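Quick notes on the structure that follows.
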Number of protein chains: 2
Amino acid sequence: MKESWSSVDTLETNFRPLVVIELAKGTKEETIEWFTKRIVDKKANGGAQLLIKPLVTENGNENIYLVGASHLRLLLGAENVGLVKECNDNSMRAFTYSSRKTFKDFADDNQNFLTMSECQYIIKHELDNLRAKDEKMIPGYPQAKLYPGKSIVRRLLTNGILVQIFPLHDREELKKLRHTWYGQVKIGYQPLDEIRCYFGETIALYFGFLEYFTFALIPMAVIGIPYYVFAWEDYDKYVMFATFNLLWSTVILEVWKRICAVMTYRWGTLLMKRQFEEPRPGFHGVLGINPVTGREEPVYSSIKRQLRIYLVSVPFVCLCLYFSLYVMMIYFDLEQWALDYHEENKSHFSSLMLYVPSIIYAVVIEIMNRIYRYAAEFLTSWENHRLESSYQNHLILKVLVFNFLNCFASLFYIAFVLFDMKLLRQSLATLLITSQILNQFAESLLPYWLQKRHMKKMKERMHSLKMDTDLSLVEQVNSEKEMGTYLGTFDDYLELFLQFGYVSLFSCVYPLAAVFAVLNNITEIYSDALKMCRVYKRPFAEPTANIGVWQLAFETMSVISVVTNCILIGMSPQVNALFPDSKMDLILTVALVEHLLLAIKFVMAFVIPDKPRDIQIKLAKLEFESLEALKQQIIAEIPQEESLSLKRNTRMKMLLEMIWAGQEANETCG
Amino acid sequence: MKESWSSVDTLETNFRPLVVIELAKGTKEETIEWFTKRIVDKKANGGAQLLIKPLVTENGNENIYLVGASHLRLLLGAENVGLVKECNDNSMRAFTYSSRKTFKDFADDNQNFLTMSECQYIIKHELDNLRAKDEKMIPGYPQAKLYPGKSIVRRLLTNGILVQIFPLHDREELKKLRHTWYGQVKIGYQPLDEIRCYFGETIALYFGFLEYFTFALIPMAVIGIPYYVFAWEDYDKYVMFATFNLLWSTVILEVWKRICAVMTYRWGTLLMKRQFEEPRPGFHGVLGINPVTGREEPVYSSIKRQLRIYLVSVPFVCLCLYFSLYVMMIYFDLEQWALDYHEENKSHFSSLMLYVPSIIYAVVIEIMNRIYRYAAEFLTSWENHRLESSYQNHLILKVLVFNFLNCFASLFYIAFVLFDMKLLRQSLATLLITSQILNQFAESLLPYWLQKRHMKKMKERMHSLKMDTDLSLVEQVNSEKEMGTYLGTFDDYLELFLQFGYVSLFSCVYPLAAVFAVLNNITEIYSDALKMCRVYKRPFAEPTANIGVWQLAFETMSVISVVTNCILIGMSPQVNALFPDSKMDLILTVALVEHLLLAIKFVMAFVIPDKPRDIQIKLAKLEFESLEALKQQIIAEIPQEESLSLKRNTRMKMLLEMIWAGQEANETCG
């Protein structure tokens, strides 16, 4: 890797560029000077104590800067962000500089102790925590107000002076990763540990979940095939399949928590202390005193936010949901109208007209989803959440509810209002397969084509520069800064969530759904991998210990699926035939079975421990050690403290001696 | 208080007896000598460094010892157990000896900084943690095996050498507490803070819950009265009442969590770190290495325990439940038989015979409950749980399930199999009122009578000793050691839990239930207070942050009550009249409403935060401070560490200087 940079790194042999900062063209000199000074300034002076270097291209300085840090600085930063690494005794511990020798693979000259993505995360953290001291504004930009403690980088970003900050790819590592990940045709697990090293925990966890979910669906798919092939629709086989599916979906979600704990323990994020969350960039308010930190910062009344949420956002979402249902009803009317028209005319044109409503509806749904997404982002931003996590949770909730209704409302309507099982099966198959094909196209074929075009352009450019050996750093930065920004795992999880809905909500009507889901997910892994490695800028690593709100979303879906499946089974003619005399008995039986299944689900979720036993033991061991250390500290710190106070207070000493009957008072607890 | 002891405390004026240790009569001299030596021995030598004094009575030494500790020792112990106290700035922090000056009301000569119950808790903790070093057995008792790290007190207790350890009452304080608690006839809150100071958090939390629960039931009671008086049985009023009850029961349980958080924050237990739990006294196994502590101690395979639970305990509990149902069926047969007999004969004798089945059933239920309790304790003990908390959870679960079925099975049978609403209302009223009267008698009248008798005996005895001014310490210890031991809040919570079941499960059939519950709880407060202050030994304080598994039990009950109430409403003739044509529509509507209510319940439980905002802020502030302190520590500790390493490694120093371009390397991050 060093070789590829050697052509540029002539002056400082040890400067390793990690992060790129792009300032707006025409940024004032005094601003640049001030900003770079703050970045290199000593910690004690309120700087970040990092290294910075302008990137000099053939066109001269383009306001692009490379940021790096000394090895020592990175180690101290690792302690600061609370990084957890493996020790020599194979246990995981929070890294501290003073105990550095006890960590596995640590050596003063081992630059690879911290992975590149960890280094980049540390630099990002340090840059984000570069705070204004007594500056009232950003020098050169009087409209960009500052107050003590305000993150400088965030203010620069919101004012457009800072265009972007992104971490550099490591071309050697990426090549290796690509090869093991999707470069060879093989059946096997993904290299999750390598993905985590390169892209960080959040993305590795997404791929881990995708892989786990695919494997977990295989039993459902395998059991589903004979039901489809032999058309087993007897009562007992039917119920067995649905019951298996319901319990299985509970089991896989519980087991995922355990697998997730094993992975994140190995990666250190399970033990990582949550950092104190800073306000998100878009947060605004009048300057006040934060009750938690005691710092001066914008504050915004929580009551106002609650009012905005409950008086504006909630009604708006409800209205959108109502509108979506209204559109669905229009679709069914159109469908009916097209059917009637076809019945009357029976022409070629009329049979083509049969497809028109579905197509219009599909397009409208897509448009509604997109408009709603913007509206949801606008509203959630307007709610003015202080924390990014709270913003994300509110956004995810809004989008989830709407997408759920938009995707499944027509199926619910067909199933529980029209009672048309044939149409349900047909619609389900159409929706599932169409959405998968569309997604595969948007995520796999399109990027592949873009990739090809990109490579071609790059090659032409390289040819013009007459450098056909290796890409220089300048080339790398210039090509990477043009790449798209990966906006997080939200859309990927949403896709899986909707897929889980298709598979579980109506599983007993269409047993093949799981088969299609498995096939889709296998290609999904490859297309997502391609997307991460080739299409987007490298994202900053984001330590995380679980998949967060998605766990809850999947669990809620599996609870809803118990209800829908029980109703579907109750509606099937086979089950109806069992209760020829009384519909009432049928409904009561179905309700009873449903309640039993729900009870079993909750008991199972309660009984299966969230962490495997060995992880529990390791965590308990760590807790025990810290308690023991605390006790030792108490015992160690007291005698000194005490003897001092005793010297000051002879009366008390005499008193103590009297009480302790001959014991030496100044050795208490020693 | 000191005055009352002054007659005995002639030698050591500062020895304040806190805890009483009673050894078995005839305990060998060498054992006593060894045990007391270990108690007074220095911490460094593995002792507890407490003070101990034999109690010399008129009959000579009766193997009763008084344990105390110096003020300094108690302060160090407070740090050791992780006690949280209020600081001068009104925030709550873990007490440490070195930061003692920052705590409210702290002064070196203020013996009241720690409450007496805190001191007693500290002493108990220190005694429990008195561990064997290289002793292989208790001196004088070769059968009482020891191994390094085994708690000496627990071994002495299991071998019967130690009869009991209990904390002494503080007669002055108790008198004051009694007066404010139940001494005066007044309407108002209980003195929960004083109760907590005297009895500890677990008991104060029980009384807090009892009081809160009583207040929370008042709206239900108030709304229930007109329903009973005016016999409102129209559909809409009925449904409104039941819906209110269901939502209200969710709200009160959620609000309790918040109130509980406020209280336990004030008491410091919300912030108290969980101590590492030691094995419970009854735990046995072969000596092995504990994977968590690395210490040699008995280990017992978790698989064996699981086998015992799932292959023996679970089937046994199921069998008991089946047996209970069987007995219930016999009761209904007997009832039918008595009714038939009465129909045939119509004599005085036959009308009396009508009551016989109920009486027999009530007695049998009581007997079954008692036998089952023993069986459950035996089984849970046999399951050989390592931790007291896990033992308690398994015991509570077993007892709860059986008691639930035993108390409510007949009501469920009457409601959902016999469909006899009149009988249900009658049985519910009978069961509720009978159980309340029985409990009041057992908890209030009986203790009061015992109390009177006790006082009379005491007075006679005092008279014979011709000391009618004040009780001496010897008298106090002798009278207290004969008092019953309070076995914990289990039975008190169980009573409340069953009451909550009567009120919520069938609330729409018998709206007066809440009224009776409120009346019962008001007297319950007084009878329980009397029990704590007069009847039982003072219990050791037990820090706790919540009501634990009972929160879950109450929440489960409120979920079950949604189901039962919806079915009852669906069965009512008023609602049936609304669906004259189709039973199916009725059932479907009821099922829909039930699912909606359950969904609302879960959303409410999710939306209402478990902790009020100000507590959240205080907790966040504490977390923020500890993170900041950590950062400061990192910044402070490094320069020294680093300059040392730099001196050792000049090459690295030069390198660093080169990289940091003029910055002084040995001031990194300073």
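The values are calculated or read from the model by the stated rules, or taken from the named source; none is laboratory data. All values reported here derive from a predicted model rather than from experimental measurement. Every residue, glycine among them, receives a Cβ derived from its backbone with ideal geometry; neighbour counts consider all protein chains shown. Remember, those area values only see protein heavy atoms, side chains included, never the ligands or the DNA or RNA. Shrake-Rupley method; radii C 1.70, N 1.55, O 1.52, S 1.80 Å.
Pairs B:Lys176/B:Lys621; A:Lys28/A:Lys175; B:Lys175/B:Lys456; A:Lys346/A:Lys583; B:Lys104/B:Lys124: which exceed 29 Å Cα-Cα?
Details: B:Lys176/B:Lys621 37 Å; A:Lys28/A:Lys175 39 Å; B:Lys175/B:Lys456 18 Å; A:Lys346/A:Lys583 39 Å; B:Lys104/B:Lys124 25 Å.
Pairs exceeding 29 Å: B:Lys176/B:Lys621; A:Lys28/A:Lys175; A:Lys346/A:Lys583.
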Notebook entry, point to check: To the nearest 10 degrees, how steeply does helix A:116-128 sit against the main Cα axis of chain A, on a 0 to 90 scale?
Noted result: 70 degrees
Check: Does anyone have the angle between helix A:583-607 and the longest principal axis of chain A? Alpha-carbon axes, 0 to 90°, nearest 10?
Finding: 20 degrees
Next item on the list: Quick one: order A:Glu86, B:Glu524 from most to least accessible surface, probe 1.4 Å.
Entry: A:Glu86, B:Glu524
Item checked: Residues with amide H under 5 Å from that of A:Arg16, placed H, sequence gap 5 or more -> A:Ala69
Checklist line | Charge-dipole axis of the protein assembly as shown as Lys and Arg at +1 and Asp and Glu at -1 on Cβ define it, positive-most pick from B:Val474, B:Thr589, A:Val327 | finding: B:Val474
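A plus B alone minus the pair: what accessible area, both sides summed, probe 1.4 Å, in Å² to 100?
Details: alone 35590 and 35550 Å², together 65160 Å².
Rounded to the nearest hundred, the buried surface is 6000 Å².
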Checklist line | q = 0.04, 0.06, 0.07 Å⁻¹, the protein assembly as shown: log10 I(q)/I(0) [Debye, one scatterer per Cα] | finding: -0.31, -0.71, -0.96
Item checked: For the stretch A:494-569, the Rg and Dmax computed from alpha carbons only, in angstrom -> 15.7, 48
Notebook entry, point to check: Using heavy-atom solvent-accessible surface (probe 1.4 Å) with all chains present, what is the largest-first order of B:Ser313, A:Ser301?
Noted result: A:Ser301, B:Ser313
Next item on the list: For A:Ser98 paired with A:Val163, estimate the spin-label separation in nm (one decimal), with each label point 7 Å from Cα along the Cα-to-Cβ line.
Entry: 4.6 nm
Checklist line | Probe 1.4 Å - accessible area at B:Met455, Å² to nearest ten | finding: 80 Å²
Next item on the list: Anything losing 40 Å² or more of accessible area from the isolated chain to the full protein assembly: pick those residues out of the stretch B:54-93, probe 1.4 Å, ligands and DNA/RNA ignored.
Entry: B:Ser70, B:Leu72, B:Leu76, B:Glu79, B:Asn80
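How much length is gained on full extension from B:Cys318 to B:Gln306, taking 0.36 nm per residue of separation minus their Cα-Cα distance? List each step's numbers first, then the result.
Numbers: separation 12, 0.36 × 12 = 4.32 nm, distance 1.66 nm.
Using 0.36 nm per residue and subtracting the Cα-Cα distance, I get 2.7 nm.
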Item checked: Förster radius 22 Å - calculated FRET efficiency between A:Leu588 and B:Gln336 (Cβ-Cβ, nearest 0.05) -> 0.30
Check: Roughly speaking, what is the centre-to-centre gap between the stretch B:483-537 and the stretch B:45-120 when only Cα atoms are used, to the nearest Å?
Finding: 34 Å
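Under a 1.4 Å probe, what is the accessible area of the stretch A:510-621 per residue, stated in Å²? Before the final figure, lay out each step's value.
On the way: 4850 Å² over 112 residues.
Value for the stretch A:510-621: 43 Å² per residue.
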Next item on the list: Tell me the distances, shortest first, between B:Pro54 and the same position across the other copies, using label points 7 Å along Cα→Cβ, in nm to one decimal.
Entry: 9.1
Check: Nm distances between the label at B:Gly188 and the same-position labels in the remaining copies, 7 Å along Cα→Cβ, shortest first?
Finding: 7.7
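Given contacts defined as C-alpha pairs under 8 Å and at least six residues apart, what's the relative contact order of chain A, whole-number percent? All intermediate terms of the calculation are to be shown ahead of the outcome.
Values: 735 pairs, mean separation 116.6, N = 670.
Relative contact order for chain A comes out at 17 percent.
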Margin query: Ignoring ligands, DNA and RNA, please state the percent of accessible area on the stretch B:519-572 from carbon and sulfur, probe 1.4 Å.
Written below: 69 percent
Next item on the list: Report, for A:Gln574, each distance to the same residue's label point in the other copies, shortest first and in nm; define the point 7 Å along Cα→Cβ.
Entry: 4.4
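Out of the total accessible area of the stretch A:297-440 (probe 1.4 Å, heavy atoms of protein only), what percent is carbon and sulfur? List each step's numbers first, then the result.
Details: 5810 of 8190 Å².
Here carbon and sulfur together make up 71 percent of the probe-accessible area.
Report, in listed order, any pair from B:Lys101/B:Lys611; B:Lys101/B:Lys481; B:Lys43/B:Lys85; B:Lys42/B:Lys145; A:Lys601/B:Lys273 with a Cα-Cα distance greater than 27 Å. Each step should come with its number before you reach the end.
Working: B:Lys101/B:Lys611 30 Å; B:Lys101/B:Lys481 38 Å; B:Lys43/B:Lys85 24 Å; B:Lys42/B:Lys145 24 Å; A:Lys601/B:Lys273 32 Å.
Result: B:Lys101/B:Lys611; B:Lys101/B:Lys481; A:Lys601/B:Lys273 exceed 27 Å.
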Item checked: Rg to Rh, two decimals, where chain A supplies the alpha carbon set and Rh follows Kirkwood -> 1.03
Next item on the list: Kindly state, to the nearest 0.05, the FRET efficiency for B:Ala375 paired with B:Asn576, given R0 = 45 Å and r defined as their beta-carbon distance.
Entry: 0.55
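For the stretch B:9-118, which whole percent of the accessible surface, found with a 1.4 angstrom probe, sits on carbon and sulfur atoms? Write out the running numbers ahead of the final one.
Details: 2200 of 4500 Å².
Carbon plus sulfur share of accessible area: 49 percent.
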Check: Could you give the dipole magnitude of chain B about its Cα centre, charging the beta-carbon of Lys and Arg +1 and that of Asp and Glu -1, in debye to the nearest 20?
Finding: 1440 debye
Check: How big is the gap, in Å, between the Cα center of the stretch B:295-344 and the Cα center of the stretch B:129-180?
Finding: 36 Å
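Counting residues in the stretch A:257-374 as N, plug N into 2.2 N^0.38 Å and put the Cα Rg over that result. List each step's numbers first, then the result.
Values: Rg = 25.9 Å, N = 118, 2.2 N^0.38 = 13.5 Å.
So the Cα radius of gyration is 1.92 times the expected 2.2 N^0.38 Å.
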Notebook entry, point to check: So how compact is the stretch A:385-437: Cα radius of gyration and Dmax in angstrom?
Noted result: 15.7, 49
Check: When the helices in chain A are scored as -39500 (n - 2.57) per DSSP H run of 4 or longer and the sum is shared across all residues, what 222 nm value do you end up with, to the nearest 500 deg cm²/dmol?
Finding: -20500 deg cm²/dmol
Next item on the list: Tell me which residues come under 5 Å, amide H to amide H, from A:Ala545 once H is placed; ignore anything under 5 positions away on its chain.
Entry: none
